[in-house]
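Remarks on the structure that follows.
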Amino acid sequence: MRRVSVAGPSGSGKSTLARRLANALAVPHIELDAIFHQPGWTELSTKEFRDRVSIAINDGGWVIDGNYAAVRDLVWAAADTVVWLDLPRATVMRRIIARTFHRAITRQELWNGNRESIINVFRLDPQKNIIRWSWVKHPEYAARYARTTADPANAHLRFIRIRSGADIDELMSEVTASASSTDASPGAGSSDPVRMDRDDVMRWVAGYEQAWRDGDLAAVERLFTDDARYRPSPYDESEVGHDAIKAFWLDDEGEVFTVQAEPVAVEGRHAVVRVEVRYGDPVRQEYRDLWLLCFADDGRVEDYEEWA
């Protein structure tokens with residue numbers, strides 16, 4: 001179990017379980033909602049959505065949560081496991097009502113600066129009211145995932161159906177035991193270091209460029225480890241951690257630019273990438289840089305340094 005899709009109705013606990021699984025497996029957690037919903041609740045086109053998801057799932061392990069039909073074929077083709085949260089409707093409704101009111105009242109930020117509005121709770125349209133959406137879609141999702149488990153096209157997938165909290169505890173016990181066994185096995189750890197190749201590095205660079213271009217701050221967590229060091233020049237102090245990197249990115253928000261990149265050296269977990277960036281339309285500034293990257297075991301960068 002290294003590539004896991006977590007599915008189920010809104011309010012069933014997909015994101016919570018996905019985060020727990022990602023932590024136990026030591027792989028990135030990817031929220032499809034965070035990719036699809038851009039600032040101001042702007043929705044990506046299907047093509048752009050599929051392109052970004054393809055980049056996110058292209059390499060390494062991951063746990064991804066969401067029910068988007070537009071990308072299900074991509075996610076499930078790459079996954080090895082589908083965890084289907086099929087909790088009772090009453091349980092899901094209790095959760096979605098409590099969650100929605102909490103988010104709306106506290107003005108909790110979800111993705112890309114978006115927040116739920118208390119007004120939506122009183123709308124009749126399920127497309128606008130997440131509580132009504134969850135109620136309407138619950139039987140539909142149950143029927144859909146029951147069918148997909150029997151579909152020969154999904155024979156490569158292991159389906160795990162979660163019907164209760166006890167099932168979740170059992171799954172987490174299995175995953176934790178498996179991870180502990182892997183860590184304790186002969187040859188595990190530093191004797192089997194991560195080894196990146198040119199394609200791995202360019203996939204990371206492409207993801208970085210897309211996130212930078214879109215001002216996608218949520219992508220920082222997919223690209224960098226929790227305690228990553230980000231140094232925009234050898235003469236600057238490092239920005240450390242996701243929040244500091246996000247704050248630095250905000251300074252470049254709204255810039256028009258093009259990027260050309262090529263790895264010039266890749267060895268083990270280290271890479272040097274030659275990057276040419278042109279700002280403005282028409283061009284008003286050009287930079288030729290070297291990016292010094294050090295990758296963690298999960299394919300995210302733990303040390304970034306830029307030489308102009």
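Is it the case, given these coordinates, that residue 262 is under 27 Å from residue 197 (Cα atoms) and modelled with pLDDT of 85 or more? Full working, then the answer.
Values: under 27 Å from residue 197 (Cα atoms): yes; modelled with pLDDT of 85 or more: yes.
Considered against the rule, which asks whether it is under 27 Å from residue 197 (Cα atoms) and modelled with pLDDT of 85 or more, residue 262 comes out as yes.
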Selected residue (only one of 98, 146, 153, 104 is part of a helix (DSSP H, G or I), surrounded by 15 or more Cβ atoms within 10 Å (Cβ to Cβ), modelled with pLDDT under 90 and not charged (D, E, K, R)): 104
Within the stretch 207-229, which residues are in contact with a helix residue (DSSP H, G or I) (Cβ under 9 Å, 6 or more places away or on another chain), part of a helix (DSSP H, G or I) and not hydrophobic (A, V, I, L, M, F, W, C)? 207, 208, 210, 214, 221, 222
May I ask you to list the residues in the stretch 111-123 that are touching a helix residue (DSSP H, G or I) at 6+ places or on another chain (Cβ under 7 Å) and in a loop (DSSP other than H, G, I, E, B)? 111, 112, 113, 114, 116, 117
Going through (1) at pLDDT 80 or above; (2) closer than 28 Å to residue 36 by Cβ; (3) among the polar types (S, T, N, Q) one by one, residue 238 fails only at (2)
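The values are calculated or read from the model by the stated rules, or taken from the named source; none is laboratory data. What you are looking at is a predicted structure, and each value in this text was computed from that prediction instead of being measured. Because the Cβ atoms are built from the backbone with ideal geometry, glycine has one as well, and the counts that use them run over all protein chains shown.
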